[in-house]
Amino acid sequence: MKPIRFAGILFSLLIFSGLNAQEVTDYDLTNFAKAYLKMVKLNTSAQNEMSKLIEKEGMDLEIYHAINDSKEADYEPDVDEEYFEKYERLQPKLQKIQNQLEADVEKEFAKNDLTKQKYRAISERVKQDYLLQAKLEKLLEHLR
């Protein structure tokens, strides 16, 4: 009975480790690098646009973030009521920018033969593998 149990456990470990050790091909890594660089640009652009809107509304980023963080943490920051009103006016505009960013990222994934899940899987694999990290760094240098 014990050898069968041991064989079953060994078989399970081999299957599990095989799933976790999925190969990242050069093709996948190249597509990942291209998508990563484009995502950095898209994200930076969206953040800059949001920051300008916040400043245009007469808020600084610290106050905006204090109010935003308070929504999730269930506390109220010590700021004037007018800032809460400005925050509420900003939300639809900022959400529109966020939605556009997400749509642009999805397009970039598709353009580079990736899905969100595949992108994340490659990212996790790269974090665990120094050789893949080095390959990715070279690819990023070449693509910039």
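The values are calculated or read from the model by the stated rules, or taken from the named source; none is laboratory data. All values derive from a computational prediction rather than experimental measurement. Every residue, glycine as well, gets a Cβ built from its backbone with ideal geometry; the counts of neighbours run over all protein chains shown.
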How many residues are surrounded by 15 or more Cβ atoms within 10 Å (Cβ to Cβ) and more than 13 Å from the chain's Cα centre (by Cα) if we restrict to the stretch 109-133? 5
Hits in the stretch 57-78 (condition: over 27 Å from the mean Cα position of the chain (by Cα) and either at pLDDT 90 or above or buried (at least 17 other Cβ atoms within 10 Å of the Cβ) (or both)): GLU57, GLY58
Filter the stretch 96-108 down to residues that are over 14 Å from PHE32 (Cβ atoms) and among the charged types (D, E, K, R) and give me whichever is nearest to the chain's Cα centre (by Cα). GLU102
